[in-house]
Each structure stands twice: as structure tokens, then as C-alpha cells.
Amino acid sequence: MESLMQTTPFFWVVFNALILVMLWLDLKVFHKEAHEVAPREALKWSVVWVVISLGFALGLYAFTGAPKSVEFLTGYIVEKSLSIDNIFVFSLIFRKLSIPLKYQHRVLFWGIFGALALRGLMIWFGIALISYFHPIIYILGAFLIFTGIKTLLMKEKPLDLEKHPLIVFIRRYVPLTPKLDGQNLWSRTTHKPARWKATPLFLALVLVECSDVIFAIDSIPAIFAITLDPFIVYTSNVFAILGLRSLYFLLADAIEKFYYLKPGVALILCFVGLKMIVVDFCKIPTNFSLFVILLILGGSMALSYFYRGTECHK
């Protein structure tokens, strides 16, 4: 069945067609007009995307059997947990650029749309590279362990958008306007000669795309520790990304309260990195990997809740 998953275009065509339909409904029906996404609405959509993802896992179980379904769930949870860092950065970008809450969904929509294409290319390249030169998997594993340890030990530096090389480059070569024009990325000036200028939403979109590429460098190799089936790698990434917007609106204001979540994500990186390094010497079952990842993620959230409770009583 694995060869069928990798060779037939049927799975790819159907899956991408469904994703395009869902994205069209999201943009043209459910979020046609710009509005502030309330926590209740964000919670509803978070549940919807989780249910759709679980439904997809059940579909894999029905058509391909338990192994592929478990691989998908494990990869999905890994990608979902690693996407927590994106929420920190998205929130910071929107605050620094003073993007109103009601326009943030549109930026994230196009940012995630671009992320799907970029990650698809990165997944294809990564799997081709591992197939051509298998020892690269050891290097990727060591990189993930290094990233996890660095995340545990190093303090984050504040993001200075004024000195960010990408922002400096855009401001030098792209005409900009400091004023928002609704939810438009570009605005046409009224005075003559009329010119098109990029709005702050465009800057926010560029930074969102850039940050996702950086995070993908960690998250995509991480799922290679779970499976090298391109269909499973791609679909788990897609579902994790699609649910990222609602998760952002749900957790953006409270994410800093999850004190131990970031160390938990770092431990997950170290675990999957170790799994990649020992893959040819000790095969760690996917079921066990799923258990360990859930244990780390659930434990870090429980510790965060306990820490918040003790802080409130001080």
C-alpha cells in the first residue's frame, strides 16, 4: 500500500481539490467580510479543523490500514506542537506593525496559502535528498537535537522590525504607505501621478511567510523521523497549517501563560532528532513515538497550568 500511496495521483488530486474547496469557502463564505475573530469563534474553528483531521486519519485507516493512520496522527501532532512557535511570532509581528485584529485573518490566510506551496516544495526536496543520500538523515537528526537544546538553553532576543534585513530591503525597493486601506495588501494613491503602494498588511504578510519558512526548516525534518511517505508528510503538514489560524486567535493573548510549552516543544525536537540518528540501528515504533510526543506535550501543558496556579497564589 505504501507504493500505491507514493505513485498514484488519485490521492493527491482528491486531497488537494478538497483543500482548495475548503480554502475557497473560508475566504469567500465564512470570512468574506473583515471582522474580529472572537475566542468563541476561534474555538469553534479549532474544533472543526481537529475533527476534519481526525476524520482524515479514520479515512486512512479505512483505506490503507492502521500503520498509515498512526503515522499521520503522529506527524500531525508533531507539526501542530512545533507550530506553537509560529503563534508567538505572528502575535509579535501584528503588534509591532499595529495591524488591527479584524485584518489579521486575511494576512494569515494568504500567509498559510503560500506556506502550503513552499512546504510542498521543501517536502519534495527533502524526501528526494534522503532517497539519494540516506546519511543526510543523521545530519538532520543532529540539527534537530541542536535546535532543541538551543531552544532550552538560550533566551529569545526581541524582534527588531526596524533593523530586520527583509524589512530594510522592502523599504528600499518597494513603494510603501504607512496607512491601511481596509484589508488590501496594496493601495492606489489618489494624488497624481497615481501609484500603487504596499500597505502594512503586505509587510506583515512577507514577515509571516518568512517566519514560516524558518520554522519549516525545523518542522519538516522532524516529521521525516516519523515517515518518509510523501503523502503522509504533506497531508500532516497541511492539516497542521490549516488549523494554525484559529489556534492563533484562540491562544495569541494567552500563549505566554503556557510557560513550559516551549521547553516541551524543544524536548520533542530532541526526541525526533534522536529517532532519526538511531533509525538504522534501533527502529523506534511509531506507536511509541506517538505516546512519547503526547506525554511531553500534555505534561508541559499540565506543568504550565500548575505554574500559572502557583503564580496566581503568590
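The values are calculated or read from the model by the stated rules, or taken from the named source; none is laboratory data. For clarity, every value in this text was computed on a predicted model and none was experimentally measured. Cβ: placed from backbone, ideal geometry, glycine included. Neighbour counts: every protein chain shown.
Just a few scattered comments:
- In the stretch 200-231, the residue that is surrounded by the fewest Cβ atoms within 10 Å (Cβ to Cβ) out of those that are of a type in the set (Ser, Thr, Tyr) and at pLDDT below 85 is Ser211.
Okay, residues lined up against (1) at pLDDT 75 or above; (2) surrounded by fewer than 13 Cβ atoms within 10 Å (Cβ to Cβ); (3) among the hydrophobic types (A, V, I, L, M, F, W, C):
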position: Gln6; (1), (2), (3): no, no, no
position: Asn16; (1), (2), (3): yes, no, no
position: Leu23; (1), (2), (3): yes, no, yes
position: Leu27; (1), (2), (3): no, no, yes
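- Enumeration of residues in the stretch 176-191 that are surrounded by 12 or more Cβ atoms within 10 Å (Cβ to Cβ) and in a loop (DSSP other than H, G, I, E, B): Thr177, Leu180, Asp181, Gln183, Asn184, Leu185, Thr189
- Here Thr64 meets the list (1) over 30 Å from Phe281 (Cα atoms); (2) crowded, with 16+ Cβ neighbours inside 10 Å; (3) not small (Gly, Ala, Ser) almost entirely, failing just condition (1).
- Boolean, Ala252 is among the small types (Gly, Ala, Ser) and modelled with pLDDT under 85: yes
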